[in-house]
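Below is one structure, written out as structure tokens; comments come after it.
The values are calculated or read from the model by the stated rules, or taken from the named source; none is laboratory data. Since the model is a prediction, treat every value here as computed from it, not as a measurement. Neighbour counts run over all protein chains shown; Cβ positions are idealised from the backbone, glycine included. Note: accessible area is taken over every heavy atom of the protein model, side chains too, but ligands, DNA and RNA are not part of it. Shrake-Rupley method; radii C 1.70, N 1.55, O 1.52, S 1.80 Å.
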Amino acid sequence: MFSKINRRLLFVPLILTATFINGCKSQEAVNEKIVKTILESMTLKEKAQLVIGTGMFFELPDSIAAMFPGSNRMADPNDSVYSAMVAKIRKFVPGAAGNTAEFLSKGITTQVLADGPAGLRIQPRRKNDEKTYYCTAFPIATVLSSTWDVDLVYKVGQAMGNEVLEYGVDILLAPGMNIHRDPLCGRNFEYYSEDPLITGKMAAAMVSGVQSNGVGTSIKHYAANNQETNRMSVNTIVSERALREIYLKGFEIAVKESQPWTVMSAYNKVNGEYASESHDLLTSILRNDWGFKGYVMTDWGGGSDVVKQMVAGNDLIMPGQPNQIKTIIDAVEGGKLDVAVLDKNVARILGIMLKSPKYKGYQYSSKPDLSAHAKVTRQAATDGMVLLENRNNTLPIKKDVVKIAAFGNTSYDIISGGTGSGDVNEAYTISMIHGLEEAGFTADSELRTIYEAFIKESRAKQGKSSNWLTALMGGKEPVAEMKISKELAQQMAGNNDIAIITIGRNSGEGGDRKPEEGDFYLNTVEKELIELVSDAFKTKGKKTVVILNIGGPIETKSWSAIPDAVLLAWQPGQEAGNSVMDVLTGRVNPSGRLPVTFPISYDDAPTKNNFPGVAVVEGNEDDRPDLSGFSFMRRVPWQVIYEEDIYVGYRYYNTFKVGVAYEFGYGLSYTSFEMSDLKLSSNYFKGKINVSVTVKNTGNVDGREVAQIYLSKPQAKSAKPVLELIAFAKTKLLKPGESQVLNFVVEPVSLASFNENDSAWLAEAGKYEINVGTSVNNIIAKGSFNLKTDLVVEKVSKALVPKQEINKLK
């Protein structure tokens, strides 16, 4: 690595390399000595400047930029040298979310940090520069988790990481991996699943793929950041068990399996303490229990006390303000912050710096292979689409179909991804209409003209988004659906072979969705659209297909039987239209399976009574205390109590026998599969159990299936969900009649539940049942084994104990 160090870093790292490389047995030891030497050369002021980010910068009018402290070019009006450095490093990658400080004379290079979960988010065009810097808009995280394919997610990570590298970024602020606690969280599209195992495995694959390029990731938002409403002040009150089993487990898997370079602490409080100020969360659990080696950064403007953040183990404060630097210096000089603690924070940042492309002097090209990445995107989106309904084999579209009537605004203005920091500045997005034309179909030109004129006129009247972050970052909300007449539907049925109706939804950072018509529920215009078109085409003996271009669940039970087929396309990234048509035409057999539950009604959700929480202080918002601290956003006292405890998603619906529209793990195919020959290596658990099952394609079309392994546990000492996902695997592409044996290993951790009294993962003695199926409600084969005596799998730190009683579901 050292042969690539840029000469501009002067002599420090080179001399250190020559001194230590022969005397040390490992690169880790070399790096530790380099860090130690750099640290010893730093002044207190430089240390403080390194743990505080260099501020945000937007190319905005001064009046708007004034709303965001730290966004001005002059980072510190009292320090011209520091300000000149900041002005220089901000030019490296315009549009990046932030930078760490740079002191080249000490061998310290900046680390460029950039969003985001669905692809790198940087400025696509720059002043006085004819070149473009577009990035690939990959499918949203919910699409990726719907593939149930960790190898494919690794490939997506590789492609994403290559763009990070070639555009000069050091750390990607991704993946997002909070649990889909409630269907209405505005950022669920950035997150993987309601299940912690899928969340952890997908995140680990993504992290490994991105970091295979020699760049870093920042898994986020750690932890229990499951809503956008008052996200910067909400106090999440949750049991130790629910934290460990549901909200921390995915992070634990990702840390242990992929060692992300950094972790981003969440805005919210966890049991009374800001996540970024929680020693329990950042040190006791993350570092001591899990062995995390990198550094922790705040979310932008998170927390309220920089000294407490340093002590807790939150090493980097982002985006950073000059007054925070002074606070650190004063705290050390005044005895409120031990310099040894600050040195530890600095050392962790330096340790990651040594891995970074910037430190190694990598000459990035600003020319990643966007064409190759578009192919990866197309495949990932296609493999993540979930076929929900397909009556009378409506899909794939028959070969005699030529003319298609495309209804719905988002057939023409498709939503590739959500808004906010999870959005991507891509060069293009393939609409549904372009996708069908590329696939060789003819789109009804009259209908197209009507919709495009309506969308253009509606956009002109729409105004700015009600979500300030969406408006700030240039995002757009879907146009209200166009009302059609019965006559138009009948005309189109007479002129075309099949109808496609696309229903769109979008959401993003800064706001949660609503349990209302036009959001979770279809509105009257959308329902009429589906009814009128389906009836008109059915009268002519023709089919109607509904495409759901959405980021999270919506209500489907009341209307899903009306059309002939329903395809859940999610928000598929920039190749959206092509990916949808790959599935509709049968070029690719749909193999996506739901990583979340679609409830019949929002009233069925386990969180309906407490999401998104309540104000702690009564009265108008303007009259409540302002907890903003050093944040650039107003905060008000707010709390949410996780009364559902461990019963999140399917754990709730199955245990309490609540019906659903589409269950966790569900998805149809154009072929059929058989699962058989379930084998367990033993009837008794002695360290592990090997499980195998044979999957056979019994249909007439090539396809892939997902084997899902659920465990039923003894309930003697603590109540447990009826079923818990403990393993999954996706077959290769199986030809008709072809079989594949899938193998799984059940480890002690899969048997264990968290015991709060002993702060331990405990597997109870008794009978365990292995359930193999294609969804949580479609169990095909069962087997069992026994554990003779209680097994303490792991003792962990006593941490994050709630300060108040929680009324839990029983």
Give me the percent of accessible area attributable to carbon and sulfur for the chain, probe 1.4 angstrom.
50 percent
Excluding residues fewer than 8 places away in the same chain, name every one of the aspartates and glutamates whose C-alpha is closer than 16 Å to that of LYS88.
GLU59, ASP76, ASP79, GLU102
For GLY541, what charge total do you get from the other residues with a beta carbon under 12 Å from its beta carbon, if Lys and Arg give +1 and Asp and Glu give -1?
+2
LYS398 versus SER365: modelled label distance in nm, points set 7 Å from Cα along the beta carbon direction
4.8 nm
Under-5 Å amide H pairs with TYR666, H placed in peptide plane, nonlocal only
LEU594, VAL776
Taking R0 as 30 Å, what's the FRET efficiency between LYS732 and LYS795 from their Cβ-Cβ distance, rounded to 0.05?
0.15
Label model pair ASN78, GLU40: point-to-point distance (7 angstrom along the Cα→beta-carbon line) in nm is 3.2 nm
So what does MET318 come to for accessible area, using a 1.4 Å probe and Å² rounded to 10?
0 Å²
Ordering ARG187, ARG587 by the accessible surface of their heavy atoms, 1.4 Å probe, largest first, yields ARG587, ARG187
If you place +1 on the Cβ of every Lys and Arg, -1 on the Cβ of every Asp and Glu, and leave all else neutral, what size is the dipole of the chain about its Cα centre, to the nearest 20 Debye?
1820 debye
How many Å² of accessible area per residue for the chain, probe 1.4 Å?
37 Å²
Restricting the count to DSSP beta bridges whose residues both fall in the chain, what percent are antiparallel, rounded to a multiple of 5?
60 percent
Would you please name the trypsin sites (Lys or Arg not before Pro) within segment 110-177 that are DSSP coil residues with at most 11 other C-beta atoms within 10 Å of their C-beta?
LYS127
Going toward the positive end of the dipole of segment 269-410, with +1 on Lys and Arg Cβ and -1 on Asp and Glu Cβ, which of LEU395, TRP300, ALA331 do you reach last?
LEU395
So between LYS557 and ALA765, what do we pick up on full extension, going 0.36 nm a residue minus the alpha carbon distance?
70.8 nm
Net charge near ARG593, counting Lys/Arg +1 and Asp/Glu -1 over other residues with Cβ under 11 Å of its Cβ?
-2
Extension reserve of the ASN690-THR524 stretch, reckoned as 0.36 nm per residue once the Cα distance is removed
54.5 nm
Note down the accessible area of MET177, probe 1.4 Å, to the nearest 10 Å².
0 Å²
The pairs in LYS47/LYS131; LYS256/LYS767; LYS155/LYS735; LYS608/LYS788; LYS527/LYS657 lying past 32 Å Cα-Cα in this model are LYS47/LYS131; LYS608/LYS788
SER284 - accessible surface, heavy atoms, 1.4 Å probe, Å² rounded to 10:
20 Å²
Can you give me the long-range amide H partners of PHE407? Hydrogens built in the peptide plane at 1.01 Å from N, cutoff under 5 Å, separation of 5 or more residues or another chain.
ILE500, ILE501, THR502
Whole-Hz Karplus ³J(HN,Hα) for segment 574-588, in order, using 6.51 cos²θ - 1.76 cosθ + 1.60 and θ = phi - 60°, x for Gly and Pro?
5, 8, 3, x, 5, 5, 4, 5, 4, 7, 4, 8, x, 4, 10
Using only alpha carbon pairs under 8 Å that are at least six residues apart, calculate the relative contact order of the chain and give it in whole percent.
14 percent
Apply the Karplus curve 6.51 cos²θ - 1.76 cosθ + 1.60, θ = phi - 60°, to the phi angles in segment 316-321 and return the couplings in whole Hz, x for Gly and Pro.
10, 9, 10, x, x, 9
In nm, the gap between the two label points placed 7 Å beyond Cα toward Cβ at THR539 and ASP603 is 3.4 nm
Working out 0.36 nm times the residue gap between HIS279 and ASP758, then minus their Cα-Cα distance, what length gain in nm do you get to one decimal?
170.5 nm
For segment 344-399, run through the trypsin sites (Lys or Arg not before Pro) and keep only the ones in DSSP coil with at most 16 other Cβ atoms within 10 Å of their Cβ.
LYS398, LYS399
Under the Karplus relation with 6.51, -1.76 and 1.60 and θ = phi - 60°, whole-Hz ³J(HN,Hα) for segment 454-461, x at Gly and Pro, equal 5, 5, 4, 5, 5, 4, 5, 9
Whose amide H sits under 5 Å from the amide H of THR585, counting only residues 5 or more places off or on another chain, with H placed in the peptide plane?
ILE397
Which value at 222 nm does the chain reach when only helices count, each DSSP H run of 4 or more adding -39,500 (n - 2.57), with the total divided by all residues and rounded to the nearest 500 deg cm²/dmol?
-8000 deg cm²/dmol
